[in-house]
Structure formats: C-alpha cells, structure tokens
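Notes for the one structure printed next.
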Amino acid sequence: MTSDKPAPRNARRRSRELALQGLYQWLLARSDAGAIDAHLRESPGFEKADLDYFTELLHGVIRKVDELDAQITPFLDRRIEHLSPVEHGVLLLAGYEMAYRAEVPYRVVINEAVELTKTFGGTDGYKFVNGVLDKVGAKLRPAESEARSRATPRAPPAS
C-alpha cells in the first residue's frame with residue numbers, strides 16, 4: 001500500500017533547510033539574527049527540526065561569516081558578491097559544518113549541501129557548490145578527502 005504523504009524529513013536536514021532560509025534572509029537584508037530566528041520558529045514544520053542544531057547553524061554561521069567566507073573564497077570562480085544568496089548560504093552552512101562539526105562526515109556535509117542547492121537553488125548551482133566544497137573539504141578535512149579520493153575508482157589512462 002502506498003501513501004500520498006511524503007516521507008518524514010530527517011531532523012537535521014530540516015534544520016539545515018530552515019537555517020538556509022534564515023541565512024538567505026540575512027544575506028539579503030542583514031536583518032537581526034534574533035528576529036530571523038524567531039520568525040523561522042513560527043514556520044510550518046519547524047517542530048520537525050533539531051532545534052539545537054538549527055540554532056547552532058544559523059547563529060554560528062552568522063557569527064563566523066567572515067571566517068567562513070575566507071575559507072571558501074580561494075575556491076570560487078567569481079567574486080563572493082556575485083554568488084546567488086542560495087549558493088552563498090549553502091557554502092556557508094557546509095563550511096561551518098566542515099569546520100566545526102567534525103562528527104558529521106565530509107561526504108554527508110557535501111551531499112546535504114548538494115541536496116539543499118538542488119531544492120532551493122538554480123538549475124546547475126549544485127554542480128558549482130559540489131566543486132567548491134570538494135576543495136574546501138580537502139583543505140579543512142584532508143584525511144577524509146584523501147580517503148574519499150582513494151575510494152573513488154579512476155578510469156584507466158587512454159591508450
């Protein structure tokens with residue numbers, strides 16, 4: 001028997017979605033983080049989020065935005081001001097998780113960022129985000145990045 005209801009979303013994924021929405025608003029208007037937080041807590045489905053994780057992501061990224069921007073800027077193909085607010089917000093969230101949430105595996109951070117970008121971003125924005133985060137991850141989590149590279153089969157050289 002199938003149901004028309006969508007499967008329940010993971011609480012951390014919901015936290016990331018809400019934090020991204022808050023960062024989007026913050027990046028556009030530089031509104032007060034507390035006001036953004038309060039507004040998001042009234043959103044439908046907020047109760048499905050991991051409250052502590054949402055709070056840490058939203059406020060942590062805003063507090064560390066200059067540091068996070070400095071981490072991602074060397075890997076951009078354009079000025080940070082030219083990123084869409086969705087791409088910028090996703091890169092900030094993922095950069096924060098890579099830097100401050102070591103228990104979240106590198107691959108999970110990138111996969112979640114790609115999914116957020118597919119959901120909220122432009123058509124091919126996820127490809128850009130994936131490429132930047134691969135490079136950020138190699139810098140911030142070199143052991144995990146190297147392990148991922150070794151686990152990815154490479155095509156044999158052309159004859």
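Values as computed for the structure displayed
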read-out	value
Pairs with Cβ under 7 Å, 6+ apart, first in region 49-78 and under 11 Å from Arg16 (Cα atoms), second of a type in the set (S, T, N, Q) and surrounded by 16 or more Cβ atoms within 10 Å (Cβ to Cβ)	Ala49/Ser15; Asp50/Ser15; Tyr53/Ser15; Phe54/Ser15; Leu57/Ser15
Residues that are part of a helix (DSSP H, G or I) and out of contact with any Gly (no Cβ under 7 Å at 6 or more places or on another chain), drawn from region 70-89	Ala70, Thr73, Pro74, Phe75, Ile80, Glu81, His82, Pro85, His88, Gly89
Filter result for the condition that a residue is over 22 Å from Arg30 (Cα atoms), surrounded by fewer than 16 Cβ atoms within 10 Å (Cβ to Cβ) and in contact with an Asp or Glu (Cβ under 8 Å, 6 or more places away or on another chain), over Pro105, Pro74	Pro105
Residue in region 112-125 that is nearest to Tyr24 (Cα to Cα), counting only those that are surrounded by fewer than 20 Cβ atoms within 10 Å (Cβ to Cβ) and in contact with a helix residue (DSSP H, G or I) (Cβ under 9 Å, 6 or more places away or on another chain)	Phe120
Ala19 aliphatic (A, V, I, L, M), modelled with pLDDT of 95 or more and over 15 Å from the mean Cα position of the chain (by Cα)	no
Residue match in region 145-157 (condition: surrounded by 15 or more Cβ atoms within 10 Å (Cβ to Cβ) and either among the acidic types (Asp, Glu) or at pLDDT 95 or above (or both))	no
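The values are calculated or read from the model by the stated rules, or taken from the named source; none is laboratory data. From a predicted model like this one, the values you see are computed outputs, not experimental measurements. Please note: Cβ atoms are built from the backbone with ideal geometry, for glycine as well, and neighbour counts cover all protein chains shown.
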